[in-house]
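To keep things clear, I will list the structure first and then write my remarks on it.
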Amino acid sequence: MAETVQQLVRALADSPTTGLAFETSAWTWAETVGDAAARAHVLRGWAAPDRPLHVGVLLENTPEMIRALLAGAIGAHVTVGINATRRGEALAADVRRADCQVLLTDAEHLPLLAGLDLGGARVVDTDGEEWAALTAAAPRSTEGFAEVGAMDTFMLIFTSGTSGEPKAVQVSNFMVVMSGSVLADKYGLTPDDVCYCAMPLFHSNAIMASLAPALVGGSTIALARKFSATGFLTDVRAFGATYMNYVGKPLAYVLATPELPDDADNPLRTAFGNEASDRDIADFGRRFGCTVWDGFGSTETAVIITRTEDTPLGSIGQPFDGVAVYDKETRTECPRAVFDANGAVTNLDEAVGELVNTQGAGFFSGYYNDEKATSDRLDGGMYWSGDLAYRDEAGFIFLAGRTDDWLRVDGENLAAAPIEALLLRHPAISQAAVYAVPDANVGDQLMVTLVLRDGASLEPAAFEAFLAEQADLSPKAWPRYVRLAEEVPTTATNKVLKRALRAEGTNTADPLWERAERGRSYRAVVVELVETPEHALGGAS
């Protein structure tokens, strides 16, 4: 059995089955591996002798991205996924932090690098004639490179940056192979399957949940340059996709498009990912005639939780051994949640804590070039995830948001995730982001940004009536401000950037409703926009 990505790729070097598909073109695995090996030979020739070869890739989901990833596996160098949505000094800082000797990019992204201090990295335009000539002339053999070990770093992948600056996670060969093996076995992936990948390959979800299982199963990996809700079904049909991966809100985006009678007429069998709501999981499976499996995991892979057949609604499943919910102040496990007859948690203050791995780092190998961030994560010998959660008596985990998703409203602590899940019960609402904005006196006011389904509408009175019908909604959890947006700011991996929403507050041109301070009725308000977001709460009138 393969222990490294290098071994997985070598095993496909002579395969005549289709390995890579993009737009209207396709290549066999043998062609794909040969192309990657040629790049590995060229890159090895550029390696500085006094330090490890780190090769950055500033590319979207293109064939050149796949070749670069496989070249790293073959050539035993570390590939660095550079977030293609980063700009300016933030982009340059990522390249420098990862110690990139070489940065592979293309004509589309090359202008982003103009004038930036990249720490001496050699910039290569993979659309250029020089790269084409060098790779065409290079050997296509996978032999002659150093052997890598299972725990050697395969890739540096930056975290999504939803709660601070992104950090470069050291992803081992073992983690990629293990993930690919588990998924390929669970979903029966073979050379007859097509894995549709529209999530960015500079992020862990696409690596662990698409590239890895495709390599293990010898399946085709079919690329979409970028995710498109309207282009999703066309792609699935054109590629003959049987499996897909997702992270964040893609299912919600697709479901927000108009439903057609023949949506289920497609080859898709399985959708695997994380962070979809219970409603979207059920609706997506019904509409497209497939099974949706939603799990929980982060780039660090230190906390793993899996759904079981008896997982209750709202829960993300049962944790691996050692995973628990802890109070960070007392360093003790939180009491289990107690639910009332309506399903509301009656002891939220004491039941909600941080998801931890009590046994240590788990599969987390640390952040590259950032000892402080690594030590913060491994505080006291345990891994602290930054995710809030609570557990029921049976041990099932329920997410409550990130550690900065606690709200203190009128002296009561509230968690964002349960309120967001409740709001998604409304059929007109596609997405809901709950966050705190400052109270004029003390504590927080609860604000929510809603994105409606295509063609749907929502009025203040109807929203008020909906909230009144939710027996498990705390009176303190009624939003003070409701913003109706066409879209919410997200990371490249479709995770909502709440810090951007917090910074804007009510300083928005979007439709905005305000609830009376001591009442439950909502009224539309007119905002006098100000230039700086810190004045946002003073703008409603």
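Points worth noting:
- Of Lys328/Lys372; Lys186/Lys498; Lys167/Lys226; Lys167/Lys328; Lys167/Lys495, pairs whose Cα-Cα distance is over 26 Å: Lys186/Lys498
- Stretching the chain fully between Asp439 and Arg331 yields a gain of 35.9 nm (0.36 nm per residue, less the alpha carbon separation).
- Integer Hz, Karplus 6.51/-1.76/1.60 couplings in order for the range 297-311, x for Gly and Pro: x, 10, 4, 6, 6, 8, 10, 10, 9, 10, 7, 10, 4, 9, 4
- Note: relative contact order over the range 305-404, using C-alpha pairs below 8 Å and six or more positions apart, is 29 percent.
- Taking the DSSP bridge list for the range 421-538 and keeping only pairs wholly inside it, about 80 percent are antiparallel.
- Selection of trypsin sites (Lys or Arg not before Pro), the range 380-487, meeting DSSP coil and at most 15 other Cβ within 10 Å: Arg425
- For the chain, relative contact order (Cα pairs under 8 Å, six or more residues apart, normalised by length) works out to 10 percent.
- In Hz, Karplus ³J(HN,Hα) per residue of the range 399-412 (6.51, -1.76, 1.60; θ = phi - 60°; x = Gly, Pro): 6, 10, x, 8, 4, 8, 9, 6, 10, 10, 10, 6, x, 10
- Estimated FRET transfer efficiency when R0 is 25 angstrom, pair Leu113-Ala133 (beta carbons, to 0.05): 0.70
- Euclidean distance of C-alpha centroids, the range 442-519 and the range 187-207, integer Å: 34
- Label-point separation, Ala524 to Arg307 (7 Å along Cα→Cβ), nm: 3.8
- Global geometry of the range 314-418, whether rounded, prolate or oblate, following the gyration tensor of its Cα atoms and the 1.5 cut on a/c: prolate
Read-outs: derived from the displayed coordinates by stated rules, not from any lab. Every value quoted in this text rests on a predicted model; they were computed, and no experiment measured them. For neighbour counting, all protein chains shown are included, and Cβ atoms are generated from backbone atoms with ideal geometry for every residue, glycine included.
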